Amino acid sequence: MTKIGLEIHCQLTKLESKLFCSCKANYREFKPNHNICPICMGLPGSLPRLNQKAVESATSIAMALSCETPEKIAFFRKNYFYPDLPKNFQITQLNVYGDMSVGGEGHVDVEGKKIKIRRIQLEEDPGRLIYEGESERTKITLVDYNRAGTPLVEIVTDPDFENPRQVRVFLNILSDLLENLGVTEPGLEGAIRADGNVSIEGGNKVEIKNIGSFHDLEKALHFEITRQQSLSERDIEISQETRHWDDKRKITVSSRSKEEDQDYRYFLENDIPWVKIPQETRDCLKKDLPESISSKKERFVAKFNIAPQVADILASDKYYSNLFENAHSDSDAKDIANLITTDLMGFVDTKEKREESKLTSQHLSDLVAAINDKTLTRTSSKTALQEIVKSGKSVKGLLTEMDLDQVSDSSEIEGIIMQVFEEEKQAVIDAKENPETVNYLVGKVMQKTKGKADPTKTLELIKLKLN
Ligand SMILES: [Zn+2]
């Protein structure tokens, strides 16, 4: 049987400052090595000061993943040398004297299967090495410490996944959950990174690191399972090791034998005393957790009678569910949900487009009202929506300006139908013999009116004329 476990690193990108100093957590907007100070550079004599908000965010993550959260947490030094780590140790957490990390013993349901969350810990991100050209052959390696010390939450699962597909579903659920909590922005490069470990039929565990995206992780897991199966068929022992994903060759490559925890010579970080998180603080954090995606989905279905698939798409995305919640009244909720999921999501599909979009919830309410009172057809509403996203103009203004008002005047539509019947003689004969083909003629009328003709009335009038 295949067993897969995950280690996910999530940056707390919504925080102001790094984990132990006042440098910015948002290191991305700085020139290399311009977001550093004696503390995150590990200069002699500097002392770390713990970011309280980081502890709170990490605890909220633990709670949202149904973890136990202890009253006291502690930090440890994990000693190792690597050029991206200026102190020569990373401040992290370790459950060595009982449970001392921010959370543990949680779970997430993935398509009816319970995936156990073993541990959640708060730690600092190292800096970044930038290789010139291909990493293996490069002569020059640059180091940027802007990221060093940014707050990172590590989430470790049990090896409960049976296949790479379950991993993908889990990561999507987790990424939506973290965004919904308001602790991170999954769209930012490197904000959520996942490493995997795989073993087959009780064999040794192989870790896979250096994976750029969730998509690559899935590919790397597939490759690794096949590699281990083929070794096992030939009775070759699978060695316990860490392998790197080579994105160019699409294979995993052995990088080093796996270190054990004792190799890191962990010891308690005495510069940060034990941190107490009192019950009242934890109660407050629990009370402030946002509504979970699953309960939001259930509420959308039960209260507004929205189809479960539509409710799922809507609830999973904080940006769209906020737009929806602010736009609807109880009576038009379903129409607004459909407008968002069928039209809007199609062209406001990246973080940049969301940020540039001028659309407000009021626009959505006005659009649906115009469709429902038949001043606007569904087809024209798409054109209007695109224009609103770009310009932010009001629906009323657009109707006149873009000449989008629905044509529902019978004599006007009849005139256009006459033209179409003249031009499409064969289609008229076909429609008389086979009523199912009548939609072709309706389509032609819509085309001529640039989507403005009332489709129900058009169909009625065409049918009358055919008889
Ligand atoms: Zn700093």
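The values are calculated or read from the model by the stated rules, or taken from the named source; none is laboratory data. None of these values were measured; they are calculated from a predicted model. Methodologically, a virtual Cβ is constructed for each residue, glycine included, from the backbone with ideal geometry; neighbour enumeration extends over all protein chains shown. Protein only, heavy atoms only, side chains kept; ligands, DNA and RNA dropped before computing areas. Shrake-Rupley method; radii C 1.70, N 1.55, O 1.52, S 1.80 Å.
Sorting check: for 86-94, 409-417, which peptide has the highest mean count of neighbouring beta carbons within 10 Å, and how do the rest follow?
Top of the packing list down: 86-94, 409-417.
What does the accessible area of residue 236 come to, in Å² to the nearest 10, when a probe of 1.4 Å is used?
Estimated to the nearest 10 Å², residue 236 gives 80 Å².
I'd like to know how segment 263-327 sits against the 2.2 N^0.38 Å rule of thumb: what's its Cα Rg over that expected value?
Cα-based Rg divided by the globular estimate yields 1.86.
Can you list the lysines whose alpha carbon sits under 24 Å from that of residue 209, skipping same-chain ones fewer than 8 residues off?
Output for residue 209: 3, 78, 87, 116, 139, 219, 248, 250, 258.
Name the GluC sites (Glu not before Pro) in segment 194-224 that are in a loop by DSSP and that have at most 12 other C-beta atoms within 10 Å, would you?
Those satisfying the criteria are 201.
So, by mean Cβ neighbours within 10 angstrom, what's the order for 141-150, 445-454 with the highest one leading?
Put in order of decreasing packing, that is 141-150, 445-454.
Restricting to the chain, what percent of DSSP beta bridges are antiparallel, rounded to 5?
90 percent
Straight-line reach only, C-alpha to C-alpha below 19 angstrom: list the lysines that residue 432 could link to, leaving out same-chain residues fewer than 8 apart.
Answer for residue 432, where 19 Å is the Cα cut-off: 444, 457, 463, 465, listed by chain and number.
Residue 14: which lysines have alpha carbons under 18 Å from its alpha carbon, excluding same-chain residues fewer than 8 sequence positions away?
Reachable lysines: 24, 53, 318, 351.
Considering only C-alpha atoms, what is the centroid distance from segment 423-450 to segment 281-302, in Å?
Measuring centre to centre over Cα atoms gives 51 Å.
Name the GluC sites (Glu not before Pro) in segment 1-103 that are in a loop by DSSP and that have at most 13 other C-beta atoms within 10 Å, would you?
Hits after loop and neighbour filter: 16, 71.
Taking every pair of Cα atoms in the chain, average 1/r, invert it to obtain the Kirkwood radius, and report Rg/Rh to two decimals.
1.10
In whole Å, what are the Cα extents of segment 161-254 along the three principal axes, biggest one first?
Computed over segment 161-254, the largest-to-smallest principal extents equal 49, 26, 18 Å.
Angle, helix 214-233 long axis vs. longest principal axis of the chain, Cα atoms, 0 to 90°, nearest 10?
Around 60 degrees separate the two axes.
Measure out, as a whole number of angstrom, how far apart the alpha-carbon centroids of segment 161-196 and segment 337-412 sit.
Segment 161-196 and segment 337-412 have Cα centres separated by 32 Å.
Of all accessible surface on the chain at a 1.4 Å probe, what whole percent is carbon and sulfur?
49 percent
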